[in-house]
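Input: a single structure, listed below in C-alpha cells.
The values are calculated or read from the model by the stated rules, or taken from the named source; none is laboratory data. In this text the structure is predicted, and so the values were computed from the model without any measurement. Heads up, the Cβs are rebuilt from the backbone with ideal geometry, glycines too, and the neighbour counts pull from every protein chain shown. We work out accessible area using only protein heavy atoms, side chains counted, and drop any ligands, DNA or RNA first. Shrake-Rupley method; radii C 1.70, N 1.55, O 1.52, S 1.80 Å.
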Amino acid sequence: MYPSTTHLPALSRRALLGGAVALSTAALTGCGGDEPAPDAAGTPRRGGRLRAAFAGGGANETLDPHLANLFVEASRAKAMFDKLADYGPDVSIRPRLASGWEPNGDLTRWRVSLREATFHNGQPVRSADVLHSYARITDPKRAFRARASLALLDLPNSRAVDDRTIEFALTRPFAEFPNLLAAFGAYVVPAGADNFAQPVGSGPFRFDSFQPGRSLLLRRFDGYWDGAPYLDELEYVLANEESARINALLGGQVEYAHDITPTTARTYQRDDRVTITRMPNSTMQGFTMKVDRPPFDNRDLREAMFLLTDRQQLVETVLSGSGQVGNDLFGKGYQYYADDIAQRTPDLDRARFLIDRAGARGLTVKLDTAAVASGFVEAASGLAEQAGKVGLTVVPTTGNKDTYWRDILTDGVLACYRSGAMPIETHISQRLLTDSTTNATRWTRPDFDALYARAVSSPDEATRRQTYGQMQRMLHAEGGFLIWGFADFLVAAAPQVGGVSADAPANTLDWARFDKVWLG
C-alpha cells in the first residue's frame, strides 16, 4: 500500500512532492541543524539573553499555540512548540517533527513518520500527541485557526500505527497533504494538554515565566532535536507602538524590534546602532473586484482596471519603495508561481478603449477601505487618482475597521485587500473555488474548480505545476484580484545580533525564529 521511497535521491524544496508524491526519510537528515555562516555579528556563539520587542495582545493574551494569531503569538508558539512541517523561503514544505510522509496509491491515506524528539518534560513526542493535537484543533466546538486547514482529515479513521508512525485518512484524494501539516497554528502539544498557563512543548525554548500583556521569558532547551539554541534566554517584551519598539532598540532596552515601517527603515539604514533586515514577498497588496455583479461582471472593465494601475507608483508611494511590483497573481517567488506570465504594465490608451467598449466612461465606483492594515487608505487614494486619468471615478470610502474583513467578503464591488504567505494551493482553495469560504472576488468557475481538483488529485508534480500554471493564466486574464505589489517585512536589530534570516517571508519557518540567532 505504501511504496518504499528509500531509492529516491535527495529532493529539492520544489520537488518535495515529486514523482511518487513521497518524501524520502534519507532526504531529510540534517534538514535544519546546519551551523549558520558567520555574519556581521561575528562567529555564532552561545550565551546571553535576547530581548525582542513585539506588538502584543493585551492582558488577556494566551500561550495556547492553537490560538496563535498575532505576530508575537506566532513567534512565541514556534519558540516553544513544533509543527510536523513548516514553510520554507519559497513556501514549499519543509519537514519538522515529521521525518517523512508517503501516500497510498489513491492519495486518500498518508503515513507520517516522526523523528526522535522530546517534550520539555523529557517525554518523547509520540503519535498519540499528534492525534490529540489535531483532534483538539478540529473540535467543532472550538475556534482554532488551523481547523479549516485540517478539515480534509478523517480523524476517526486515522490511527497510530506505532509510537512514531501515524496513518492519516483523508475525506478525498489530496496530493498536497503536506500543506496541512504546515498549516498556521497546527502545533503539536502533549496528549491531554488543554491548559497552557505553563506550557510544555517540544520547541527550542522552554517556558520560564509569563506576565500577560507585558513579557514572556524562555530558556534554552538543550534537548531540542534540531540543535540547542545559541541563546541562553529569550525574552518577549511588548510594545504596541512602532516608535516605542525602535526607541527601545536605540536605547539598549531590547536587541530586536519586530515590524518596523519603511519610513523608520529608511531613517536608520545608515545608523550604526541598527541593522535592518528586509524579508521580501511577505505580504500581498491588492484590490478585489467582485466578478459576479456590476460593474465588474464585465471582463473588459476588469482588464481596464488591470491596465490603468501603475504598480510601481503604488510600491513607491504606499510601500515607500520597500516591496516589489505584483502581476495580479498571488505568491510571487513561491512554489508553483507562474513567473512565465509577462509582467503587466500600464497601458492607458488600451484601458480607455476597454472602458468605452464596456460603456463605463464616467462611471462612479465605490472603493471600500479602512485602517485595518498599513497603507490601505493610501492605496485607495492612489488607485482613485490613477483611475481618474482614464475616465473612471473611484471613490474611496472608509468603513468600520472592526468589521471590515467580514463586510467586504459579501458586500460592495471594489475593496482593498492583503494577504500573508501561504502555499498557492491554499490561496486557491480558500479564496477562489466556488465553495471557498473567503471568496472575496466571488470568482465561481466550474472549469477552474475542475482544474483544481485535477491538480490536487495528481501524484505527478509536473502535472500539478502545469495545472496551477493554467489556473493562474485564467486568473491573470480575467480574474478579480488586482494584485499591485508585495511588501517587504522589516525588522530591526542591534548590530551584535547575528543569524536573523533575510530569506523568509512573514509566517514562514525562519521568520521571527530565534533558535538560530546569537549575540555577538
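See the values below:
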quantity: Residues (open to solvent by 40 Å² or more (accessible area, probe 1.4 Å) and assigned to a helix (DSSP H, G or I)) located in the range 133-145; calculated: Ala135, Arg145
quantity: Elements of type strands (runs of 3 or more DSSP E) contained in the range 71-132, each with 3 or more residues being modelled with pLDDT of 95 or more and open to solvent by less than 10 Å² (accessible area, probe 1.4 Å); calculated: 98-103, 109-114
quantity: Members of the range 146-173 found to be under 14 Å from Val188 (Cα atoms) and either of a type in the set (Lys, Arg) or not in a strand (DSSP E or B) (or both), listed by number; calculated: Ala146, Arg147, Leu150, Arg164
quantity: Single match in Ala370, Ala351 (criterion: touching a Phe, Trp or Tyr at 6+ places or on another chain (Cβ under 6 Å) and either open to solvent by less than 50 Å² (accessible area, probe 1.4 Å) or under 22 Å from Gly321 (Cα atoms) (or both)); calculated: Ala370
quantity: Selected residue (criterion: nearest to Arg299 (Cα to Cα)) from residues of the range 347-397 that are part of a loop (DSSP other than H, G, I, E, B), hydrophobic (A, V, I, L, M, F, W, C) and touching a residue at least 60 places away in the same chain (Cβ under 8 Å); calculated: Ala358
quantity: Flag for Val200 being at pLDDT 95 or above and surrounded by fewer than 20 Cβ atoms within 10 Å (Cβ to Cβ); calculated: yes
quantity: Test: residue in the range 148-170 that is under 22 Å from Leu70 (Cβ atoms) and open to solvent by 20 Å² or more (accessible area, probe 1.4 Å); calculated: yes
quantity: Within the range 470-486, tally of residues that are open to solvent by less than 10 Å² (accessible area, probe 1.4 Å) and not aromatic (Phe, Trp, Tyr); calculated: 7
quantity: Matching entry among Asp259, Asp328 (being closer than 18 Å to Phe376 by Cβ and in contact (Cβ under 8 Å) with a residue 40 or more places away in the chain); calculated: Asp259
quantity: Failed condition for Thr437, given (1) open to solvent by less than 10 Å² (accessible area, probe 1.4 Å); (2) among the hydroxyl-bearing types (Ser, Thr, Tyr); (3) touching a residue at least 40 places away in the same chain (Cβ under 8 Å); calculated: (1)
quantity: When residues of the range 295-325 are limited to those that are of a type in the set (Val, Ile, Thr) and open to solvent by less than 10 Å² (accessible area, probe 1.4 Å), the one nearest to Val377 (Cα to Cα); calculated: Val315
quantity: The listed residue being in contact with a Phe, Trp or Tyr (Cβ under 9 Å, 6 or more places away or on another chain), surrounded by fewer than 19 Cβ atoms within 10 Å (Cβ to Cβ) and in contact (Cβ under 8 Å) with a residue 12 or more places away in the chain, out of Arg278, Arg273, Arg245, Arg266; calculated: Arg278
quantity: Failed condition for Arg49, given (1) surrounded by fewer than 20 Cβ atoms within 10 Å (Cβ to Cβ); (2) out of contact with any Asp or Glu (no Cβ under 8 Å at 6 or more places or on another chain); calculated: (2)
quantity: Any hit, the range 440-452, residues being assigned to a helix (DSSP H, G or I), open to solvent by less than 30 Å² (accessible area, probe 1.4 Å) and aromatic (Phe, Trp, Tyr); calculated: yes
